[in-house]
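The values are calculated or read from the model by the stated rules, or taken from the named source; none is laboratory data. Computed from a prediction, not measured in an experiment: that's the story for all the values here. Because the Cβ atoms are built from the backbone with ideal geometry, glycine has one as well, and the counts that use them run over all protein chains shown.
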Amino acid sequence: MSISAISLIDCASLKKKLNNEIIKLLITKQKKWENSLRLLEAVSPLNTIKRGYAIVLNKDKKIIKRTSDIKINDRIFTMLGDGGVFSNIEEIQINQKNNAK
């Protein structure tokens with residue numbers, strides 16, 4: 001065999017190895033992307049609502065996390081699985097157990 005024939009064989013072999021490594025890399029990246037997508041779906045506020053929870057927002061569309069975030073006569077919006085409701089705050093009850101911290 002001549003040197004050019006050996007070079008062609010080496011070149012073809014390297015090309016095949018490179019293609020295989022690219023395929024492996026793409027498969028790895030796709031699996032990481034799919035795992036990231038599953039994680040994002042698990043913590044998605046919309047999926048939280050679908051599980052039966054609600055998200056409550058103030059007039060500035062910020063999430064209300066505690067009773068101190070609202071006051072009497074505030075207007076709030078509660079997001080539910082199939083829509084939402086507006087409400088006016090008439091009374092606030094504070095959990096004494098959590099307040100004692």
Residue under question is Thr48, and the condition is that it be surrounded by 11 or more Cβ atoms within 10 Å (Cβ to Cβ) and either among the charged types (D, E, K, R) or within 19 Å of the chain's Cα centre (by Cα) (or both); does it hold? yes
Output yes when any residue across the range 64-74 is within 21 Å of Ser44 (Cβ to Cβ) and either exposed (fewer than 10 other Cβ atoms within 10 Å of the Cβ) or touching a helix residue (DSSP H, G or I) at 6+ places or on another chain (Cβ under 7 Å) (or both), and no when none is. yes
Does the range 75-92 hold any residues that are exposed (fewer than 14 other Cβ atoms within 10 Å of the Cβ), over 16 Å from Thr48 (Cα atoms) and touching a residue at least 12 places away in the same chain (Cβ under 8 Å), and which are they? Arg75, Ser87, Asn88, Glu90, Glu91, Ile92
Specify which of the listed residues (Lys17, Lys31) is at pLDDT 95 or above and assigned to a helix (DSSP H, G or I). Lys31
Can you run down the residue pairs with Cβ atoms below 8 Å, 6 or more apart or on separate chains, where the first is in the range 45-61 and under 14 Å from Gly84 (Cβ atoms) and in a loop (DSSP other than H, G, I, E, B) and the partner is among the polar types (S, T, N, Q) and at pLDDT 85 or above? Ala54/Thr78
